[in-house]
Amino acid sequence: MDMELFQQILVAAIKTGTPLLLVALGELICEKSGVLNLGQEGMMLMGAMAGFAGAYFSGNLALGLLLAMVAGMMMAGIFALLSLNLNTNQVATGLALTIFGSGLSAFLGASLVGSTVNGFKPIAIPLLSDIPFVGPLLFNHDILVYGSFVLVAICWWVVNKTRAGLTLRAVGENPYSANALGIKVIKVRYIAVLTGGAFAGLAGAYMSLSYTPMWMENMTAGRGWIALSLVVFASWRVGYLMVGAYLFGVASILHLVMQGIGFTISPNLLAMMPYVATIVVMVIISSNPIRQKLAAPMSLAKPFDSRRH
Amino acid sequence: MLKTQARLESSKLMSWLSPLIAIVLTMLVSSIMFLALGINPTTAFKVFIIGPLSDSYNLGELMVKTTPLLLCATGLALCYKANIWNIGAEGQLLVGALVGSYFALQANDDSGYGWLAITLLAGAVAGMFWAAIPTLLHQLFHTNLILTTIMLNYIGLYLLLWGVHGPLIDPEGFGFPESAIFADALLLPTIMEDGRASISIVLAVVFAIGSGIILYRTLPGFQLRVFGSDQPAARYAGYSSKFIIWSVMLSAGALAGFAGVAEVTGPIGQLIPQVSPGYGYAAIIVAYLGRLNPFGIIFAAFFMGTLYMGSDLAQIELGMPTAITGLFQGILLFFLLACDFLIHYKIIWQPNKSNSQTAPVSTKQGAA
Amino acid sequence: MKQDNLLLSLWQVSKRYPGVVANDKVSLTLAKGEILALLGENGAGKSTLVKMIYGVVQADEGSLLWQGKEVVIRSPNMARSMGIGMVFQHFSVFETLSVQENIELSLDAGFVKDAATLRAKIIELSAAYELKVDPDRYVHNLSIGERQRLEILRCLIQNVKLLILDEPTSVLTPQEVAGLFKVLRTLASEGCSILFISHKLKEVTALCDRAVILRGGKVNGECVPANETPDSIARMMVGSEAVLSERYHKTIGSDELLVTRDLSVPPTNPFGTGLTKVNLSLHKGEILGIAGVAGNGQEDLLEALSGEDTRAEAGSILINGRKVAKLNAGERRLLGMSYVPADRLGQGAVPDMSLADNTLLTSARKGLVNRGLILPHKVVELAKSIIHRNDVKCHNAHAQAKSLSGGNLQKFIIGREVDQNPEVLICAHPTWGVDIGAASSIHRQLIELRDNGAAILVVSEDIDELFMISDRIAALYEGQLSHAVHTEQTNIEEVGKWIAGSFMNEDKPQEDVKHA
C-alpha cells in the first residue's frame, strides 16, 4: 500500500471516528456515575435533526450546534427523570429513548429531508498543517474534530484529576456510601446523564453538519450502539476511547477501502462490515470477565433509591 | 403536599392498571400534539382507533399487522421474564423471511402443502439460528447480549437487502429489488373472504397461550421466572442457567423467524426489502404493554396493530407522516415504565405537617 | 453531670417509617469525653437514632441540642462540619479509590488545600493514634481491620468531637478489637465523646462508661455497665420473658458424610480470596462450626460446598463417598443436601415472589410437581405448614418474601430446608441480624436436626454462637482452613488467634484428635 492511500485511510478514520468518539465520551461520563443510558442512538438522532434544522433555518452553524446539544440534553433529561427519579429499569428506559428519539426526529425532520446546508469546512492550521504526513492527518480538519481533541483532554483531566471526577467515580462505585458521606447522588447522576446528552447531541450535529451535511431518517445508522461497545472496549478509560474510536473508524470505512483497491463484493455485504467488526471486537474484549468486572463502574445500571434505606 | 412512599408489598392492582393509565396518558399527550398540529384530537382518534375496526377489510389488515407483533413479543416476553435482553427480534424476523423465501422460491406449481410446511420450518429455524449466534457468544465469551443482538439486526437487514438485490431477485422483474411471486401452494391459507389475514394469526394466538401456560403453570416456567427475577436465588436452587438462556433465546428466535416467513408467505407473497416496518422493535413495547404476560400480550399486540393501521390511515386521511407511529411508541413506553412506579410506591397526600414541624425549630437554631 | 459539660442531648425524638415507629420519644444525653453504649436488639431503633444524629435522616418530632444549642442536622456534611464523625457497620469506603482519595471525599472541598498537605496530615494522624494505613494503597487491597482504621482516620482528620461507631467489632478479630478499644480510650481521654453501638455485652462492659438500652424504639433503661452483669443488661434488651442463652450438650459424630480433599478454587471477583487446599470432614450427628472474620473465603467455601460454584476439581468434594464437585446445587439436593445461604433475601428467597413460590424454589420434588405441571394447592399447603411449624410471622402464604422481617424470613428458610430431612445441612450465619428469641429457636432447631442424625456445617462470624452450638470448630483465614477440634477442648482465645491466621504457622497434624 502506498503512503498516500495509507494517509487517506487514517484521515478518513479520524473523520468517521469523531462522532463515535464524541458520543462515547458522553456515555463514558454517564457510565462512570453508574448510569447505563442505552438511548445514545435516540439522542444522537435528535441532535442531528435539531442541529441541521437550526443551521438550515438560521444559516448559522454555531446555532445549529447549540440546538443539537440542547436537544440531546432534553432527551437525556427525560431519561434522567424516569431512571433517576422514578427508578425505572435503565435498560428498558434507554431502549424507549432510542425508539422515541428515532420517531420524534423522523417526525419533526420530515420536511427537512432533501434540504442541504453548507456544513463545517476543514481549517488548515498554518505551519502545523505543512508538516509532512502528520500535518494533513491532524491539522487539517473542521472545528468539530479539533473540538473533539480538546474535549478528550478535558474529560480525561476532569475524570482523573479533579474533585468532581473523584465524586463521579465514587457515586458510580457505591452510591449508598456516597450518600452517607453527604454526596448528592441524584444530582451527580443528573449532571453526568445531561452531559452525556450534550455530547450525543454534538455527535449527531457532526453527522448532519459535517460528515454528510444533510438530514435523513435514522442517519446515524447504529453509531450510538457502536459507541456503547466502544466504551466497553476502552475499559472505561478516556485515553483508550480515542484509540478505539479511530480503530472503529477504520473498520467502518474498510468497505470503501476495499472498493478503492478494486475489490468487488455486493455493497450490501460490505455495509455489514462495521457491525461485524463490532461483534468481533466485543468477543475479543469480553473473553476476560474478571478484567471487565474490575474496569466497569461497580454500580453500573443499578438504580439508587434513598427511600429504601 | 404530595409525597411518595415505598410500598411494603408490590401492588397487584396497580400492575394491571398501570398499562391502562399509560395508554390514557399517551392519548392525552398525543391530543396536545394533535392540537398543536391543528388537528382536532377527536377526528384523529377516530382515524387511529375506530378506523382500523370499521370494516371487515380493515379488520383483516389489523390482524395482518398484529400477527408479527404478537409472535415477536411472545418470544421477547419469555426472554425479558428471564432477564435476558434480546433486542434481536427484528433481525431474526428478517433472516426468517429471507431463508423462508429461498425455500419458497424452490417450489413450483406442482408443490403441495408439504413444501409450505418445510418453508415455514426453514424460516423458524433460520430465526433460531440468528438468535443462537449471540447466545453462543454470550455463553463462550460473555459478550453483551443487547449489543450483539442489535448488531445482528443491522447485519440481518443488509443480508436481506443482499438477497433481494442479488441471488433471490426476480430474473423477469426488470431489475426491481423483489423476488418472484411465490407459487399458490406456498401461500398461507387466508381466514377471511376479503383481505389478507392468514391462519398465522391463529397460530400466533395459540403460541402465545401455550407460552403463557408454560410460563405460569409448569416447573421450567417457574424456574425461568425465578432466574429472571433473582439470579442468585436460581443458582442457589440449582437451576441451570445454560438451559434457561438457550431455551428462551431459541424460542424467541423461532417465533420471530416464523413471523418473518409468515409475512412473506402470507400477506406479502414474495420477498421485498420492506418486509418489516420495525415490527421487531415495536414488539419490545408490546411485550411491556402486556406486562410480559403472554395472555396480556395478545391484547397489547392488537392495540399496537391498531396503532400501525391507524397511522397508515392517518397518512392517507390526515396527511401525517408515518414516523408518528414511532413517536407514539416511544411515548407509550415511557409512560409504561413511569407508571410501574405506582406498583412499588404509593403517592400520598400529606398536609404540610412535617414542614410546619421543622420550620420553627430551624429558626430557633443558635437562639437557645 | 454539669450542664455545660454536655455535648449532645436528644429530647423526645421520634421517627416513623411506613408501618413502624423506629424511634418513639427517645431522650438521652452525652457528656464530653464520655463513652456511651447504645444497646439493643436488631430493630430496636439504634441505627435510625444514629442516622438522625449524623443527619442522614431527620426526626419527625422532638429536638436535638448540640453544646446547649438546638439544631437541626440536615445532612451528613452539616454533621461533619459540626464535628460529628461516623464509622459505619458496612463500611462506606470506595474499593476502587486509594486511601487518600477516600479521605479527600469525606472532606469539604474547601478543607483540602492540596494533596501533599492532606497526605502529610494523614501520615501524622495515623502515627499519633497507631492507625497504620498507607495513603497510597487502594482500598480493595486492604484488610477489614485496615478499612475500619481508614474510616476512623477519616473522622479524626477534621477534629471530631463526637465519634459514632455502628457495631464496629463484628468484623474484627479479638486482637483487633483490643487495638480498637485502645484508640477509643485515647480519644475519649482527649475529650472526644464516643457513641458505641453494639449488642455484645462483654465489650460494652469492657469499654463504656454508661449504657442506654433501646427496646422497640423506646429507651428501656440506662446503667453503668461495670455495675451490672451481662444477664441483667440483656434482660433490659429483650424483656423478662425471653430465654437468654442455653447450654446444649455436645456430641461426637459417627460416619463421614461430607469430605473435602484439598479443595481449591480461584477467587470469583477481583477483591476475593478463593480457597486453598481446604480439608474438612463432616460427620453424621454433629455440628461443625467454621469461624472466621468476613472476607476470608466464607463465600467461596459456601458456594463450593453448596454447588453454586462448580469450578472445583471433581474429586475434591465427596458426599457419602461420591464425587460431587461438578454437580450443581439442585443435583446435590438430590443426594440429601440442604442449604441455608448467607443472603436471605435475594439468594435464599426471591424478594418479589410469594412464600408459596419460595417454598417451591427448593422443594419441587416433595410432590409439588406432576409431570412438569405445578400443583398450586400442594405448594400452598406445604408453605402453610412451614409457616405454622416455624412460627413465621407473615400475612399468609401469598405474602411476598420481601415483606417479612429478616428474622421471620430466616425462620422460614431454615424451616423449608430442615423440612427436607437433609442428611447434610450447610448453614451460613444462621442468626445474623436475628433477635434473641428467634435466634434461640433457630439454635434449638439445628440441635434437634443434629440429634436426628444429620450432619450440619455452620459458617458464622459470631464466635460465641459457634461455641454454643458446635461440637467441633475450625477457623478460616484467607481461604485456608485450620484443623477442627472439639469445642470443649479449646477456648475462645485460642480460636480467636486462629481467626487471625496463627494456625498457619503451627505445625499441628491436620487430623483432629478423635478421628485420627
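The values are calculated or read from the model by the stated rules, or taken from the named source; none is laboratory data. Computed from a predicted structure; not experimentally measured. Quick reminder, even Gly has a Cβ in these numbers, built from the backbone with ideal geometry, and neighbours come from all protein chains shown.
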For the range C:62-105, which residues satisfy the criterion of being of a type outside the set (A, V, I, L, M) and touching a Lys or Arg at 6+ places or on another chain (Cβ under 8 Å)? C:Gly62, C:Glu70, C:Gly83, C:Gly85, C:Phe91, C:Phe94, C:Thr96, C:Ser98, C:Gln100, C:Asn102, C:Glu104
Going through the range A:279-295 in order, the residues found to be within 11 Å of chain B (Cβ to nearest Cβ) and within 22 Å of the chain's Cα centre (by Cα) are A:Ile279, A:Val280, A:Val281, A:Met282, A:Val283, A:Ile284, A:Ile285, A:Ser286, A:Gln292
For the condition surrounded by 24 or more Cβ atoms within 10 Å (Cβ to Cβ), more than 8 Å from every other protein chain (Cβ to nearest Cβ) and of a type in the set (S, T, N, Q), what is the one hit in A:Ser111, A:Ser129, A:Ser83, A:Ser115? A:Ser83
Determine whether the range A:222-235 contains at least one residue that is in a helix (DSSP H, G or I), within 14 Å of chain B (Cβ to nearest Cβ) and hydroxyl-bearing (Ser, Thr, Tyr). yes
For the range B:304-322, name all the residues that are within 23 Å of B:Ala287 (Cα to Cα), within 11 Å of another protein chain (Cβ to nearest Cβ) and buried (at least 19 other Cβ atoms within 10 Å of the Cβ). B:Ser311
Apart from one, (1) more than 14 Å from chain A (Cβ to nearest Cβ); (2) surrounded by fewer than 23 Cβ atoms within 10 Å (Cβ to Cβ) all hold for B:Gln223; the odd one out is (2)
Of all residues making up the range C:182-216, the number that are in contact with a helix residue (DSSP H, G or I) (Cβ under 9 Å, 6 or more places away or on another chain) and within 20 Å of C:Thr229 (Cα to Cα): 19
Check the range C:55-70 and report whether any residue there is crowded, with 18+ Cβ neighbours inside 10 Å and closer than 27 Å to C:Pro225 by Cα. yes
Positions within the range C:21-61 being within 13 Å of another protein chain (Cβ to nearest Cβ), part of a loop (DSSP other than H, G, I, E, B) and in contact with a Lys or Arg (Cβ under 8 Å, 6 or more places away or on another chain), in sequence order: C:Gly55, C:Val57, C:Gln58, C:Ala59, C:Asp60
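Does C:Ser189 satisfy the criteria of being closer than 23 Å to C:Ser9 by Cβ, polar (S, T, N, Q) and in contact (Cβ under 8 Å) with a residue 40 or more places away in the chain? Lay out the reasoning, then the answer.
Values: closer than 23 Å to C:Ser9 by Cβ: yes; polar (S, T, N, Q): yes; in contact (Cβ under 8 Å) with a residue 40 or more places away in the chain: yes.
Taking the combined requirement at face value, the residue satisfies it.
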Only one of these is within 9 Å of another protein chain (Cβ to nearest Cβ), touching a helix residue (DSSP H, G or I) at 6+ places or on another chain (Cβ under 9 Å), crowded, with 17+ Cβ neighbours inside 10 Å and assigned to a helix (DSSP H, G or I): B:Thr148, B:Thr143. Name it. B:Thr148
Count of residues meeting criterion [farther than 23 Å from C:Ser405 by Cα, among the small types (Gly, Ala, Ser) and either free of Cβ contacts under 8 Å to residues at least 40 places away in the same chain or surrounded by 20 or more Cβ atoms within 10 Å (Cβ to Cβ) (or both)] in the range C:23-50: 1
Failed item, numbered, when C:Gly289 is tested on (1) assigned to a strand (DSSP E or B); (2) more than 25 Å from the chain's Cα centre (by Cα): (2)
Yes or no: A:Gly42 modelled with pLDDT of 95 or more, within 15 Å of A:Gly222 (Cβ to Cβ) and small (Gly, Ala, Ser)? yes
Candidates A:Ala164, A:Ala200, A:Ala170, A:Ala192 - the one that is out of contact with any Ser or Thr (no Cβ under 8 Å at 6 or more places or on another chain) and either buried (at least 22 other Cβ atoms within 10 Å of the Cβ) or touching a residue at least 24 places away in the same chain (Cβ under 8 Å) (or both): A:Ala200
Of the residues that sit in the range C:192-211 and are within 22 Å of the chain's Cα centre (by Cα) and not hydrophobic (A, V, I, L, M, F, W, C), which one is surrounded by the fewest Cβ atoms within 10 Å (Cβ to Cβ)? C:Lys202
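Looking only at helices (runs of 4 or more DSSP H) that lie completely in the range A:58-175, which have at least 3 residues being in contact with a helix residue (DSSP H, G or I) (Cβ under 7 Å, 6 or more places away or on another chain) and at pLDDT 90 or above?
Here the list reads A:61-80, A:90-108, A:143-161, A:163-173.
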Scanning for something among the aromatic types (Phe, Trp, Tyr) and within 14 Å of chain A (Cβ to nearest Cβ), does the range B:177-185 turn up at least one residue? no
Counting just the residues of the range A:260-278 that are free of Cβ contacts under 8 Å to residues at least 24 places away in the same chain and facing chain B (nearest Cβ under 7 Å), which one comes out farthest from the chain's Cα centre (by Cα)? A:Ser266
B:Pro273: passes all of (1) away from every other protein chain (no Cβ under 12 Å); (2) modelled with pLDDT of 90 or more but (1)
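Need a quick list: helices (runs of 4 or more DSSP H) entirely within the range B:1-107 having at least 1 residues that are closer than 30 Å to B:Ser240 by Cα and among the small types (Gly, Ala, Ser).
Qualifying helices (runs of 4 or more DSSP H): B:12-36, B:56-81, B:89-106.
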Within the range A:176-189, the residues that are part of a helix (DSSP H, G or I) and without any contact (Cβ under 8 Å) to a residue 12 or more places away in the chain are A:Ser177, A:Ala178, A:Ala180, A:Lys187
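So which residues in the range A:39-79 are of a type outside the set (A, V, I, L, M, F, W, C) and either within 14 Å of chain B (Cβ to nearest Cβ) or surrounded by fewer than 24 Cβ atoms within 10 Å (Cβ to Cβ) (or both), if there are any at all? Can you show your working first?
At the first step, the residues of the range A:39-79 found to be of a type outside the set (A, V, I, L, M, F, W, C) are A:39-42, A:47, A:51, A:54, A:56, A:58-60, A:64, A:72, A:77.
A:Gly39, A:Gln40, A:Glu41, A:Gly42, A:Tyr56, A:Ser58, A:Gly59, A:Asn60, A:Gly77 - these are the residues of the range A:39-79 that are of a type outside the set (A, V, I, L, M, F, W, C) and either within 14 Å of chain B (Cβ to nearest Cβ) or surrounded by fewer than 24 Cβ atoms within 10 Å (Cβ to Cβ) (or both).
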Single residue of B:Asn40, B:Asn58 found to be without any contact (Cβ under 8 Å) to a residue 60 or more places away in the chain, polar (S, T, N, Q) and closer than 19 Å to B:Leu307 by Cα: B:Asn40
For the range C:343-381, name all the residues that are touching a residue at least 24 places away in the same chain (Cβ under 8 Å), more than 10 Å from every other protein chain (Cβ to nearest Cβ) and over 26 Å from C:Glu303 (Cβ atoms). C:Ala356, C:Val380
State whether one or more residues within the range A:191-212 are part of a helix (DSSP H, G or I), touching a Lys or Arg at 6+ places or on another chain (Cβ under 9 Å) and more than 23 Å from A:Gly59 (Cα to Cα). yes
Given the conditions (1) within 22 Å of B:Val64 (Cβ to Cβ); (2) surrounded by fewer than 17 Cβ atoms within 10 Å (Cβ to Cβ); (3) within 14 Å of chain A (Cβ to nearest Cβ), report the number of the one that B:Met192 does not fulfil. (3)
